[in-house]
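Asker: Handing you this structure, nothing more for now.
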Amino acid sequence: MRFLLALLAYLLLPLMFFAMLWRGIRAPSYRKRFSERFGFYRFKSLQQSIWVHAVSVGEVQAAIPLIKRLQHTYPDETIVVTTQTPTGSERVKKVFGDSVVHCYVPYDVPIIVQRFFKHIKPRLALIMETEIWPHIYATCAKQKIPIIIASARISPRSIQSYLRFKVLFRETLNQATLIAAQTSRDAERFKMLGASEQIVSVVGNLKFDFMFVPSNVQEKGREYRNKYFSDRPSWIAASTHAGEEGLVLDVHKELLQSYPDLVLFLVPRHPDRFRQVESMLKRSGLEYCVRSKDEMPQATTAVMLIDTLGELPMFYAASDIAFVGGSLVPIGGHNLLEPAALSLPIVVGPHTFNAPEISEMLEEVGTLEMVSDQNELCEAVQKLLEDTELATLAGNAGREVIAENYGALDKLLNIVKNILN
């Protein structure tokens, strides 16, 4: 199978060359260091290195703490970081400057791959998430270079496509030393593709190590709610942007018809919009109070505007349901881990491209529901208000995802240490 792939790769090599030239015409950033994709480099050959591959910006962002810890733990090692996109390259340069060697990952063609390995001489390959190349993996196996697929994941949407090429994936995956899966569900999907059980382990998602919730925040949130809102149901619209607050207030008015004592905590993302949102509240006809003015909520208060900084976690903890903003408008969404860590069911709009894998994970376990518009947002929140057992199960599932993934960086570094030693 790999012989046929190699033959096909050689036949397609001229097409790859012209395709990259064409892309470079349309996007000039792709013309820079064009030769690296074919295994030709301007920097000198290395004696040896630790190689980390992160395809684009999202993977680079997840790899940053790993690379920094590798630099600290192995100060005498050269760290080579490869990306596939110019935006990923720019992020590497911005964060690390010349403290790492950056180049573009080569095309998975045997002769190009051999030039790449001859030039950087890796003694360990760390591949972020899901990058599976038959010839690169085979070359690592032949040269006895350990491969770790870090934060390894396969989405539920992708598994059926991958299964069509199971014979190829089985051979390639089993050349890895370790598949460090994000979750038990990802681990099972890799096994479905033929990966040996001995090389698959649940290590977690590196991105979860940067989720920080103060230890006492849950107690503070409960105390605040018990003091001012007693047993009134509540929901929070967090990190909202222009175009979202109006929709949220309309949804809240609709929900008040069925739940007249419902409270909304409204938390705009940017401080310079606090007064603008307060003006919207004045025009809405809803009873409201403003956090920064120390206004005490009354029995008739329907909305509380949170216009202070640093208190979002406490008000998450005081809520039953979370809508996370920047998602009904094309901003890309904001931190989903915080409400998940506080056991909240989460509703978001369709724009979650800032962290697609996290939204997929939370959606898969039932913690997160994605809606497309104001009507669906209203229906989703109402469903969770009506079915408190469903809301509790959804919130607990999110917290379990956090627990399963937290500490991934330390686990991964211990594995790296054992392999390198």
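The values are calculated or read from the model by the stated rules, or taken from the named source; none is laboratory data. The structure displayed is predicted, hence computed values, not measured ones. FYI the Cβ positions are ideal-geometry reconstructions off the backbone, even for glycines, and counts take in every protein chain you see. Calculation scope for accessible area: heavy atoms of the full protein, side chains included, ligands and nucleic acids excluded. Shrake-Rupley method; radii C 1.70, N 1.55, O 1.52, S 1.80 Å.
Asker: Let a ≥ b ≥ c be the square roots of the eigenvalues of the Cα gyration tensor of region 68-216; is it rounded (a/c under 1.5), or, if not, prolate (a/b larger than b/c) or oblate?
Answerer: Here region 68-216 falls in the oblate category.
Asker: So if R0 is 45 Å, what FRET efficiency would Q257 and V57 give, r being the distance between their Cβ atoms, rounded to the nearest 0.05?
Answerer: Efficiency, from the Cβ-Cβ distance: 0.55.
Asker: Same structure again: Let me know the shape class of region 217-325, please: from the alpha-carbon gyration tensor, a ≥ b ≥ c as square roots of the eigenvalues, rounded when a/c is under 1.5, otherwise prolate if a/b is greater than b/c, or oblate.
Answerer: rounded
Asker: I'd like to know which of M314, A299, S45 lies farthest towards the positive end of the charge dipole of the chain, counting +1 on Cβ of Lys and Arg and -1 on Cβ of Asp and Glu.
Answerer: Farthest towards the positive end: S45.
Asker: Using a cut-off of 14 Å between beta-carbons, work out the net charge of the residues near G246 (Lys and Arg +1, Asp and Glu -1, G246 not included).
Answerer: Combined, the nearby Lys, Arg, Asp and Glu give -2.
Asker: Another question, if that's okay. What is the gain in length, in nm to one decimal, between T87 and I419 on full extension, counting 0.36 nm per residue of separation less the C-alpha to C-alpha distance?
Answerer: Gain on stretching T87 to I419: 116.4 nm.
Asker: Quick check for me: using +1 on Lys/Arg Cβ and -1 on Asp/Glu Cβ, what's the dipole size of the chain about its Cα centre, in debye to the nearest 20?
Answerer: My answer is approximately 2720 debye.
Asker: Label 7 Å along Cα→Cβ of Y74; region 103-137 residues with amide nitrogen under 13 Å?
Answerer: 121-127
Asker: Next question. State in Å² the accessible area per residue of the chain; use a 1.4 Å probe, count heavy atoms of protein chains only, and round to the nearest integer.
Answerer: Ligands and nucleic acids excluded, the figure is 46 Å² per residue.
Asker: Excluding residues fewer than 8 places away in the same chain, name every one of the aspartates and glutamates whose C-alpha is closer than 12 Å to that of K411.
Answerer: Output for K411: D209.
Asker: Could you give the dipole magnitude of region 112-162 about its Cα centre, charging the beta-carbon of Lys and Arg +1 and that of Asp and Glu -1, in debye to the nearest 20?
Answerer: For this selection, approximately 260 debye.
Asker: Okay, next question. Once both labels are modelled 7 Å past Cα along the beta-carbon direction, what's the R275-H351 spacing in nm?
Answerer: 2.6 nm
Asker: Follow-up question, since we're still on this one. If the reach is capped at under 28 angstrom between alpha carbons, list the lysines near K118, excluding any in the same chain fewer than eight residues apart.
Answerer: K32, K44, K68, K93, K94, K142, K144, K417
Asker: Still on this structure, I have one more. How much net charge surrounds T301 when only the other residues with a Cβ under 9 Å from the Cβ of T301 are counted, with Lys and Arg +1 and Asp and Glu -1?
Answerer: Overall, the nearby charge balance is -2.
Asker: For the chain, just say rounded, prolate or oblate: build the C-alpha gyration tensor, square-root its eigenvalues into a ≥ b ≥ c, call rounded for a/c under 1.5, and beyond that prolate if a/b exceeds b/c, oblate if not.
Answerer: Prolate.
Asker: Arranged from highest to lowest average of other beta-carbon atoms within 10 Å per residue, in what order do the peptides 45-57, 179-191 appear?
Answerer: Descending packing order for the listed peptides: 179-191, 45-57.
Asker: OK, next. Between D250 and I111, what FRET efficiency follows from the Cβ-Cβ distance if R0 is 41 Å, with the result rounded to 0.05?
Answerer: Here the calculated transfer efficiency is 0.10.
Asker: Let me ask something else about it. In deg cm²/dmol, rounded to 500, what helix-only [θ] at 222 nm does the chain give when every DSSP H run of at least 4 residues adds -39500 (n - 2.57) and the total is split over its residues?
Answerer: My calculation for the chain gives -14000 deg cm²/dmol from helical runs alone.
Asker: Give me the extension gain from S196 to K220: residue separation times 0.36 nm, minus the current Cα-Cα distance, reported in nm with one decimal.
Answerer: My answer for the length gained is 4.0 nm.
Asker: When Lys and Arg each count +1 and Asp and Glu each count -1, what net charge do the other residues less than 13 Å away from L255, Cβ to Cβ, add up to?
Answerer: -3
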